[in-house]
Amino acid sequence: MGRGISLAIAAKGIRVILYDLDAGMISSAAGHIHRELEQEFEKKRIPADEKENIFKRIRFTSSMADCQAPLIIEAIVEKPGAKESLLIELERINTKQTIFATNTSSLSVSGIAAQTHFPERVIGLHFFNPANRMKLVEVVRTKYVSDELTSRMTGFVLQIGKTPVVCKDDPGFIVNRVARPFYLEALRLAEQPVADIATIDKLMESAGFKMGPFHLMDLIGNDINYMVSSSLYEAFGRPARLKPSGWQEEIVKKGALGKKTGNGFFQYSKSSAE
Ligand SMILES: NC(=O)c1ccc[n+]([C@@H]2O[C@H](COP(=O)([O-])OP(=O)(O)OC[C@H]3O[C@@H](n4cnc5c(N)ncnc54)[C@H](O)[C@@H]3O)[C@@H](O)[C@H]2O)c1
């Protein structure tokens, strides 16, 4: 998500620092962004100089000390402890004006904010995958956040050419809550089995969905989707309708995370995994 968000922002003329603690992920992100820009150029959507300029606006780093900015968008693993520790570290090296946004899909933004020293400067900005193409951004406000910060963040989302929707900090916000049965019922159908995964995807696509549930889970990342399912299940008091599927856990344990690993419910070519 970090690479897509960085590209979306840099494409609108804003300088970005893209940080990951894993240097390998940073070089893969640089390669991915380079290829995305090349494709945009080949499709004549951007001129050659703009392709270069967008790339140059992104500074790639695996050193946290470089992460000093007026707005920091956190998009690391969907684990509250990891997100909280990172934000606390980043608060320490940034000014008192820095705004911290979390791209969490399902965790409580208020819960994350409450662990920091300045919860009034922590907000949710939930992008969709691939973040450089998808227009919607859920702006998740908490009880700590002022109207002024909420409107600054919706303004920022508009500035980067996207569509902001302000949501309450409720489990799964809007999209992930509405979409959960799409994945979970599809998994149940295939497990019973009523139909195989390719048939389910094909039918849902014929019914008007842009992507079937199994291809979509592979695009999102099966680890992330399983964490989101588990988090919503717990947040709503473990109702049967939201129970994650054992298949999700199994596929994650096998490391078949979807497009990013080249295998998931389906197999992918090496180039699509990068
Ligand atoms: N995948 C999606 O479709 C999607 C959509 C919307 C939001 N999100 C959210 O975005 C976040 C990231 O999702 P993703 O799919 O990009 O995950 P990912 O697993 O592909 O990437 C996470 C990255 O975070 C890095 N990381 C882990 N701990 C770190 C730390 N302490 N400091 C710095 N970097 C660290 C990892 O090295 C990895 O490169 C999650 O909160 C997820 O819920 C994901």
query = Which log10 I(q)/I(0) values, to two decimals, does the range 176-273 give at q = 0.16 Å⁻¹ under the Debye formula with one point per Cα?
reply = -0.64
task = Across the range 152-274, how many lysine pairs, 8 or more positions apart or on different chains, have C-alpha atoms separated by under 20 Å? Please give the number.
result = 9
message = If each residue of separation counts as 0.36 nm, what is the full-extension length gain between Gln68 and Phe236 once their alpha-carbon separation is subtracted?
response = 56.8 nm
key: Taking Asp218, Asp196, Asp20 and counting other C-beta atoms within 10 Å, the order from fewest to most   = Asp196, Asp20, Asp218
Rounded FRET efficiency, nearest 0.05, which uses the C-beta distance separating Phe182 from Gln97 and R0 of 45 Å = 0.65
request  = Order by neighbour count: Ile220, Ile76, fewest other Cβ atoms within 10 Å first, most last.
outcome  = Ile76, Ile220
key: Candidates per chymotrypsin sites (Phe, Trp or Tyr not before Pro) in the range 87-150, loop by DSSP, up to 12 other Cβ within 10 Å   = none
key: the range 202-247 - Rg and Dmax from Cα coordinates, angstrom   = 12.4, 35
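Mean 1/r over all different Cα pairs, inverted: what Kirkwood radius does the chain give, in Å? Don't skip to the answer; put the middle values down first.
Values: mean 1/r = 0.0508 Å⁻¹.
So the Kirkwood estimate lands at 19.7 Å.
For the residues Tyr233, Tyr268, what sequence is obtained by ranking on other C-beta atoms within 10 Å, fewest first?
By the 10 Å Cβ count, ascending, the order reads Tyr268, Tyr233.
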key: Zone of Leu136's modelled label, taken as backbone nitrogen in the range 207-243 under 12 Å from a point 7 Å along Cα→Cβ   = 210
inquiry  = Please report the spacing between the Cα centers of the range 109-129 and the range 221-274 in Å, no decimals.
reply    = 24
task = Return the loop-located trypsin sites (Lys or Arg not before Pro) in the range 168-259 (DSSP other than H, G, I, E, B) with at most 14 other Cβ atoms within 10 Å of their own Cβ; answer none if there are none.
result = Lys210, Lys254
query = Using helices alone, what [θ] at 222 nm do you get for the chain, with -39,500 (n - 2.57) per DSSP H run of 4 or more residues, divided over all residues and rounded to the nearest 500?
reply = -14500 deg cm²/dmol
Residues of the range 220-261 with amide N under 19 Å of the 7 Å Cα→Cβ point at Ala207 = 241-243, 245
message = Taking a ≥ b ≥ c as the square roots of the Cα gyration tensor eigenvalues, with a/c under 1.5 meaning rounded and otherwise prolate when a/b beats b/c, else oblate, which class fits the range 105-178?
response = oblate
note = Quick calc, Arg15 & Ser151: beta-carbon distance into FRET formula, R0 25 Å, rounding 0.05, result 0.60
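Bear in mind that the values in this text are calculations on the coordinates, not laboratory data. This is a predicted model, so every value here is computed, not measured. No Cβ is skipped: glycine too gets one built from the backbone with ideal geometry, and neighbour counts run over all protein chains shown.
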